[in-house]
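The values are calculated or read from the model by the stated rules, or taken from the named source; none is laboratory data. As the structure is a prediction and not an experimental result, all values here were calculated from the model. Cβ sites come from the backbone with ideal geometry, for glycine too, and all protein chains shown count toward neighbours. Quick note on the areas: whole protein, heavy atoms, side chains included, nothing else; ligands and nucleic acids left out. Shrake-Rupley method; radii C 1.70, N 1.55, O 1.52, S 1.80 Å.
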Amino acid sequence: MGHSHNHDQPILQDPARRRRASIILWALLAPVGALALIMVIALWPQGNYDRFALDGAMDTTGGASMQVGTVTRSLIQDCPSSMGLEEVGGKTLECNVTYLMPDSGGAEIALEIPPEQLHSREARPGDQIRYLDLSAVGSDSGSPYVFVDFVRTLPMSLLAVAYGLVVVLVAGWRGARAVIGLVGGIAFMIIFMVPALLEGGNPVLIALTGSTAIMFVALYFAHGLNAKTSTALLGTLFGLAVTAGLAVWLTDAAALTGANDEHAMTLSTVVPQISLPGLLICGLLVGGMGVLNDVTITQSATVWELAETAPHATARELFFKGMRIGRDHIASTVYTIAFAYAGAALPILAIAALSDQSFGTTLSSGSMAEEVIRILIGSIGLVLAIPVTTAIAVVVVKATGTGGAHGKASVSSGRRAKLSANDSQN
């Protein structure tokens, strides 16, 4: 076994063949990368949107401000919101009142948290809560403080640090580069894609341009500048193109409005120039980008490993062996995507179970239809990317040195004799 490996390894690592394969791949990828760079420059946001539109909407109450406070205690007592109702013939109600110490300083305040929030998780001493301070507005309501949300910065930061450490400890320097690439990709989305969408740019162009640019940088940074990564990148770009085409068609054909979410409705009110269906398409492409990257990198690496272990295999044998593994990957990834979306949509499914609607009606209505179509489109792009990536990888791995059916085209007889002599000495 050792003799065979030493005899075949130089065939797979023939520098001349690797250079030729890299030239072919770059001939395909360079124009796409150059076009993505040009489009990023052309679509780069100019800042022509109101960055404080939501703050302005909040300020219409005349002095309202968002504050953060730390919970000190909780008591069952008269609700602040029902204070004064007895004077007009009403009744003072009892509820769970949470006391906060404002982070900005000052006296302790009483805050009434909605019962549905406390039913899920009570406010505990030490918790931080974000609230709206209406004390300067002169409101006639019983309580000048309105609960907004819990502050989750600390646990989320600790979780992010733990995630980074686990990835680096298990995957080493490559894992560290992947985490850096992830942070960079998210930063690029915040700096480029989101502002460009808010300015009313074409969502499909923005999504394709942003996704392509992120994939170029992230893949090469995490996995190295080599033929294996280039192969995976080609497969990823193919999957993105398929996903984009299907998303554009289905958004119109299925009459998806993108207006089934409170955040989307807020955007449509505050930023009327934004396209909600376009935003849906953009989100679908960004969501599919990570999954495509996963399967194409794995499939490309699989073909290289197969070629290393079986350098005499023909291109046809390599492809079908790679696809046997690819089919398992398809099966596992497809239901992973479906279950991930189904988990996020559990509240919708629970509401449907309480109504007399049929299952088909539930799936085809509102936000549920968006999730179902998102799953199907993402899965089609994913499934098609695997055989395409496998085929490209087989062509490239053969070009890098495995040659024909016997893999001996790139090694001279003298070189083979020298290798044999070295093997016999070992």
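Please state the Cα pair-distance histogram of the stretch 277-327 with 5 angstrom bins from zero: what percent is in each bin?
4, 19, 20, 15, 11, 9, 8, 6, 4, 2, 0
In Å, the Kirkwood hydrodynamic radius of the stretch 277-400 over pairs of distinct alpha carbons?
Hydrodynamic radius (Kirkwood, Cα pairs) of the stretch 277-400 is 16.3 Å.
In whole percent, and with a 1.4 Å probe on the protein chains, what portion of the accessible area of the stretch 195-289 is carbon and sulfur? Intermediate results must be reported in sequence, preceding the final value.
Details: 2440 of 3630 Å².
Carbon and sulfur together cover 67 percent of it.
For 328, 133, 103, write out the residues from largest to smallest accessible area, computed with a 1.4 angstrom probe and no ligands counted.
328, 103, 133
Taking only the alpha-carbon atoms of the stretch 305-347, what semi-axes of the equivalent ellipsoid follow from 5 times the gyration tensor eigenvalues under a square root, in whole Å, largest first?
Semi-axes, largest first: 35, 8, 5 Å.
Among residues other than residue 102 whose Cβ falls under 9 Å from its Cβ, what is the net charge (Lys/Arg +1, Asp/Glu -1)?
It works out to a net charge of -3.
What net charge is computed for the residues neighbouring residue 121, neighbours being all others with C-beta under 14 Å from the C-beta of residue 121, Lys and Arg scored +1, Asp and Glu -1?
My count for the surroundings of residue 121 gives -2.
Would you list 312, 329 from the most to the least accessible area, probe 1.4 Å?
312, 329
Determine the gain in length on full extension of the stretch residue 151-residue 103; use 0.36 nm per residue of separation and subtract their C-alpha separation, reporting nm with one decimal.
16.1 nm
Kindly state, to the nearest 0.05, the FRET efficiency for residue 171 paired with residue 339, given R0 = 22 Å and r defined as their beta-carbon distance.
Working: r = 25 Å, r/R0 = 1.12.
According to the calculation, E is roughly 0.35.
Which distance in Å, rounded to a whole number, links the C-alpha centroids of the stretch 184-219 and the stretch 142-183?
Rounded to whole Å, the Cα centres lie 22 Å apart.
Could you sort the peptides 178-184, 94-100 by per-residue average Cβ neighbour count (10 Å cutoff), highest mean leading? Write out the running numbers ahead of the final one.
Details: 178-184: 16.0, 94-100: 18.6.
Result, highest mean first: 94-100, 178-184.
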